[in-house]
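**Student:** Have a look at this one before I ask anything.
The values are calculated or read from the model by the stated rules, or taken from the named source; none is laboratory data. Note that this is a predicted model, so its numbers are computed, not measured. We place every Cβ from the backbone using ideal geometry, glycine too, and count neighbours over all the protein chains shown. Ligands, DNA and RNA are stripped out before the accessible areas are found, and what is left, the full protein with its side chains, is counted by its heavy atoms. Shrake-Rupley method; radii C 1.70, N 1.55, O 1.52, S 1.80 Å.
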Amino acid sequence: MSTSKITIFRARRILTMNPARPEATHVAVRDGRILGAGSLEELQGWGAHDLDDRFADKVLMPGFVEGHSHTSEGTFWRYTYLGRFDRMDPDGKVWPGVKSIDEVVARLQEKERKLASADEPLSGWGLDPIYYGDRRVVRADFDRISTQRTIGVMHASGHILNVNSRALELAGLLRTGLNHPGVTLGSDGLPTGELKGPEAMTLVGKHVGFDREVLANDEPGLRRFARLCVRQGVTTATDLANLLPDDAVSMMQRVTGEAQFPVRIVSFRRFQALTPEQAVEIAVGLKKQATDRLRLGAIKLFVDGSIQGFSARLRWPGYYNGAPNGLWYTPPEAIAQLYRLALQKDVLVHSHTNGDQATEMALDCLDGALRDQPAPDHRFTLQHCQLADAAQFRRMSRLGMCANLFPNHHFYWGDQHYETTVGPERATRMNACATALASGVPLAIHSDAPVTPLGPLFTAWCAVNRLTASGRVLGTSERISVADALRTITLGAAWTLKLDGELGSIEVGKHADFAVLEDDPLEIAPEKLKDVRIWGTVQAGRLFPAAGA
Amino acid sequence: MKNSILPVTVVGGYLGTGKTTLVNNLLRAAAGRRIAVLVNDFGTTPIDRDLIVATDGDTLEISGGCVCCSYGSDLMERLMTLPEQRPDVERIVLEASGVALPGMVANAVTLLEPYRIDAVVVMADAETVQAQADDAYLGDTILRQLTAADLIILNRCDLVDDAARERTMTWLAQQAPDARVLPTSYADVAPELLIGLRDGPTPRRQAALQAPGAPDAASLYDALELDMPPDIDLQQLGSRLAAPGTGVLRAKGMARDESRGIAALHVVGKRFAVDPAPPGATPTKLVVIGLRGHLDRNAISNALRKA
């Protein structure tokens with residue numbers, strides 16, 4: 001018999017996600033794992049224990065699993081937050097949304113006064129000028145703050161960067177004669193300071209604090225990300241597209257291995273500038289370096305771009321506003337070969353597909369690969385998969401594919417999708433959670449943090465209510481129940497990561513990972529689901545109050 | 001001597017059209033000129049082994065002073081650091097990935113001051129290009145690649161009969177009316193068409209315009225050497241030589257330009273540029289290359305007279 005200490009936690013209610021006993025009042029924990037959930041009487045049979053009452057008025061759920069985020073959310077909090085909506089930072093401070101371009105400038109001015117050195121760049125993130133009418137942000141706005149230091153502000157989408165004149169000058173872009181779709185020109189023939197797409201952004205990025213080398217391997221950022229996870233009830237989070245160079249892996253191993261690191265990170269190797277053979281070999285090697293709190297060995301693949309950036313690949317009839325079809329990021333031959341080899345070597349592959357044509361291509365490639373290399377439990381997952389229709393979900397089900405949909409898009413860009421990108425009909429079927437479930441597709445939902453804020457309960461609220469920022473409801477028939485939404489942010493996401501055997505529900509043998517809630521998500525009104533207060537988390541039996549994060 | 005402006009040849013085209021073979025042919029024909037080849041990845045060895053003299057991470061040293069680097073998703077970053085890292089490099093050959101749009105790649109390069117797009121070259125497979133253009137997934141990408149081309153290299157013509165090649169040429173002329181089309185096999189193309197003519201009183205050609213490994217390739221091309229009148233307007237000359245119907249594949253010449261001293265005119269198909277000439281340059285003849293029987297000598301002489 002083990003000599004380790006047993007703790008039995010009493011709670012107001014425990015939602016286990018275990019259909020055999022969906023609710024309980026007590027959960028027993030030993031060695032960071034769950035001995036059982038049930039009544040005190042049932043659990044006492046495990047022997048001597050401490051009874052811990054601190055959660056007696058709280059609701060426990062399985063720790064939330066964020067199936068599509070990036071640890072760069074932690075990195076971005078080093079910059080000034082300039083989003084339109086309130087957002088909580090890793091310290092728990094809620095930054096109010098910025099309501100106008102003048103407020104954007106004012107917040108940057110306030111930050112500027114605190115900068116010590118005269119040449120330090122002033123950097124912001126989260127800007128979303130679609131909420132400020134037709135007026136674009138231009139360099140003159142930021143030149144009001146400074147013409148001496150460089151200023152750069154990343155948009156919420158991550159696809160646009162606004163800079164001041166000084167930054168353009170240093171990047172060699174303050175000149176006439178430029179002719180590039182990513183560089184907006186003013187009536188004077190000079191760039192306005194709005195730079196779209198990776199090429200134009202890369203040129204200026206390093207001058208305004210968004211240097212790729214700084215952003216990669218960011219230890220303080222990883223720590224900030226972990227604190228955000230605690231505040232949002234997340235005990236396992238993906239870092240979905242990392243190049244994972246050796247130094248980043250050792251940093252992540254060291255930091256996640258610290259006794260007080262509160263979250264399990266699942267980091268996927270991005271498929272880029274590699275042959276499928278090399279990628280699978282690298283993934284197999286990474287798998288051997290995995291630890292309990294740093295899971296490695298899976299691959300992330302990009303099939304297309306983004307819908308709001310018009311780089312997603314759409315099937316007929318294409319974009320509502322007539323924009324040309326988007327871009328392929330990986331040739332079909334490479335996708336098919338990667339799938340085949342990964343199935344052979346039991347390497348998990350998650351594929352980014354935004355447009356429905358990209359989804360169709362991924363399905364075709366997996367269909368072919370499975371014929372060559374049958375693999376009954378591959379868990380290959382389509383990430384975003386925003387525009388998939390019912391037939392595609394049926395096909396995913398038949399191929400054993402999972403979907404991780406992106407309901408947060410409804411809130412942040414749903415109006416834009418309705419009016420501009422894909423039009424009313426497809427906007428109302430986007431992120432068809434109900435169809436996915438009805439088709440038997442294993443479902444997760446995600447934030448893609450930092451694109452939208454990390455917060456599985458907010459994501460669940462989006463899937464349940466399907467409201468846009470302006471209050472429009474996008475497709476009531478695709479709403480899912482609160483119970484289904486809660487399952488997708490726990491066991492559903494765990495399934496797509498092949499972790500459902502060790503986490504995602506509160507039942508014997510699994511990690512003692514809990515989201516500790518002040519309010520009961522099944523009692524609160526569905527339209528208030530996002531307002532459920534979070535005490536913090538328990539991760540592998542260790543307590544992490546948000547107040548101390 | 002380092003050029004102040006680095007010409008860039010973008011090589012696009014779908015997988016299997018012969019981009020890698022073309023790049024290797026160019027490196028073999030570099031003859032002392034220092035070319036930096038940028039490739040998306042080193043996946044399938046991008047450079048013939050016998051050409052590689054050293055490997056260092058994402059850089060391969062090529063015999064004769066050339067270099068090959070992979071750029072992954074960081075093309076701009078690579079281009080930004082390259083002139084400082086390799087000040088000896090005279091020219092860039094940028095191999096775009098199979099699904100990239102070479103027109104967009106070229107457009108991105110124009111954002112960087114030290115570079116000039118010399119040509120957008122798109123490879124097509126004579127046997128499969130039309131079928132690919134009909135593919136539900138890839139068709140529009142293939143067509144967007146072709147329509148961005150200054151030169152289309154219709155490769156692997158050895159795999160089709162003459163009638164099929166002519167049909168494909170006609171089809172290409174409809175799809176990409178502004179591009180000049182060069183039929184070939186084994187990516188055999190006179191290297192100066194892609195990496196330019198050398199500087200000199202008469203911009204120098206390789207002997208007999210021979211493509212490597214193709215003894216009879218010379219018969220494919222005609223070249224003209226023409227005197228340029230003093231005070232010629234190179235901009236105007238460039239636009240005339242680049243106009244449809246001249247048959248010009250490449251042209252180069254240097255002349256005195258009132259405002260800028262000596263300037264150099266580069267024409268590749270429909271594209272032309274007038275750059276400041278390298279220091280110490282003097283006026284030269286105009287050299288024009290075209291497919292044999294396709295150069296319109298009258299139009300070219302007229303262009304010189306009127307410009």
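**Student:** If you go through region A:181-209 one residue at a time, how many are open to solvent by less than 60 Å² (accessible area, probe 1.4 Å), within 12 Å of chain B (Cβ to nearest Cβ) and outside any helix (DSSP H, G or I)?
**Tutor:** Total meeting the criteria: 5.
**Student:** Being in contact with a strand residue (DSSP E or B) (Cβ under 9 Å, 6 or more places away or on another chain) and assigned to a strand (DSSP E or B) is the requirement here; does A:Leu43 meet it? Please lay out each step first, then the result.
**Tutor:** Details: in contact with a strand residue (DSSP E or B) (Cβ under 9 Å, 6 or more places away or on another chain): yes; assigned to a strand (DSSP E or B): no.
No, not satisfied.
**Student:** Considering only region A:299-338, state which residues are at the interface with chain B (Cβ under 10 Å from one of its Cβ atoms) and more than 27 Å from the chain's Cα centre (by Cα).
**Tutor:** Hits for region A:299-338 are A:Trp316, A:Pro324, A:Glu333.
**Student:** Return the total of residues in region A:271-299 being outside any loop (DSSP other than H, G, I, E, B), touching a Ser or Thr at 6+ places or on another chain (Cβ under 8 Å) and open to solvent by less than 40 Å² (accessible area, probe 1.4 Å).
**Tutor:** The qualifying residues number 2.
**Student:** In region A:451-523, which helices (runs of 4 or more DSSP H) lie fully inside it and hold 1 or more residues that are among the charged types (D, E, K, R) and open to solvent by 10 Å² or more (accessible area, probe 1.4 Å)? Quick ask: steps written out before the conclusion?
**Tutor:** Details: elements: A:456-465, A:482-487, A:493-496.
Passing ranges, in order: A:482-487.
**Student:** Checking A:Leu341 against (1) among the aliphatic types (A, V, I, L, M); (2) part of a helix (DSSP H, G or I); (3) within 14 Å of chain B (Cβ to nearest Cβ); (4) open to solvent by less than 20 Å² (accessible area, probe 1.4 Å), only one condition comes out false. Which one?
**Tutor:** Here A:Leu341 clears every test but (4).
**Student:** Quick check: anything in region A:95-115 closer than 20 Å to A:Ala549 by Cα, assigned to a loop (DSSP other than H, G, I, E, B) and open to solvent by 60 Å² or more (accessible area, probe 1.4 Å)?
**Tutor:** No, every residue in region A:95-115 fails to be closer than 20 Å to A:Ala549 by Cα, assigned to a loop (DSSP other than H, G, I, E, B) and open to solvent by 60 Å² or more (accessible area, probe 1.4 Å).
**Student:** Would you call A:Ala259 of a type in the set (A, V, I, L, M) and at pLDDT below 95?
**Tutor:** no
**Student:** Where the second residue is in a loop (DSSP other than H, G, I, E, B) and at pLDDT 95 or above and the first is under 13 Å from A:Ser165 (Cα atoms) and hydrophobic (A, V, I, L, M, F, W, C) and lies in region A:132-149, which pairs have Cβ atoms under 6 Å and are six or more apart or on separate chains?
**Tutor:** Once the first residue is under 13 Å from A:Ser165 (Cα atoms) and hydrophobic (A, V, I, L, M, F, W, C) and sits in region A:132-149, its partners that are in a loop (DSSP other than H, G, I, E, B) and at pLDDT 95 or above give A:Phe142/A:Asn164.
**Student:** In this structure, is A:Arg395 more than 14 Å from every other protein chain (Cβ to nearest Cβ), open to solvent by 10 Å² or more (accessible area, probe 1.4 Å), touching a helix residue (DSSP H, G or I) at 6+ places or on another chain (Cβ under 7 Å) and free of Cβ contacts under 8 Å to residues at least 60 places away in the same chain? Before the answer, list the steps.
**Tutor:** Working: more than 14 Å from every other protein chain (Cβ to nearest Cβ): yes; open to solvent by 10 Å² or more (accessible area, probe 1.4 Å): yes; touching a helix residue (DSSP H, G or I) at 6+ places or on another chain (Cβ under 7 Å): yes; free of Cβ contacts under 8 Å to residues at least 60 places away in the same chain: yes.
Judged against the criteria, A:Arg395 is a match.
**Student:** Shifting gears a bit: With a cut-off of at least 3 residues that are more than 9 Å from every other protein chain (Cβ to nearest Cβ) and open to solvent by 10 Å² or more (accessible area, probe 1.4 Å), name the helices (runs of 4 or more DSSP H) lying wholly within region B:99-148.
**Tutor:** Of the helices (runs of 4 or more DSSP H) lying wholly inside region B:99-148, those with at least 3 residues that are more than 9 Å from every other protein chain (Cβ to nearest Cβ) and open to solvent by 10 Å² or more (accessible area, probe 1.4 Å) span B:129-133.
**Student:** OK, next. Among the listed residues B:Arg305, B:Arg204, identify the single one that is at pLDDT below 95 and more than 19 Å from the chain's Cα centre (by Cα).
**Tutor:** Only one candidate qualifies: B:Arg305.
**Student:** Which one of these is crowded, with 18+ Cβ neighbours inside 10 Å and on the phi > 0 side of the Ramachandran plot: A:Phe380, A:Phe310?
**Tutor:** Working: A:Phe380 fails: on the phi > 0 side of the Ramachandran plot.
None of the others qualify; the one that does is A:Phe310.
**Student:** Return the pair list, or none, for Cβ contacts closer than 7 Å from residues in region A:424-449 that are in contact (Cβ under 8 Å) with a residue 60 or more places away in the chain and part of a loop (DSSP other than H, G, I, E, B) to residues that are among the charged types (D, E, K, R) and open to solvent by less than 10 Å² (accessible area, probe 1.4 Å), at least 6 apart or on different chains.
**Tutor:** Hits for this filter: A:His446/A:Glu66; A:Ser447/A:Glu66; A:Ala449/A:Glu73.
**Student:** Where residues in region B:44-73 are within 14 Å of another protein chain (Cβ to nearest Cβ) and not in a strand (DSSP E or B), which of them is modelled with the highest pLDDT?
**Tutor:** For region B:44-73, the residue satisfying everything is B:Tyr71.
**Student:** Please specify each residue of region B:15-38 satisfying the condition of being over 15 Å from the mean Cα position of the chain (by Cα), modelled with pLDDT of 90 or more and among the aliphatic types (A, V, I, L, M).
**Tutor:** If the condition is that a residue be over 15 Å from the mean Cα position of the chain (by Cα), modelled with pLDDT of 90 or more and among the aliphatic types (A, V, I, L, M), then B:Leu15 is the only one that fits.
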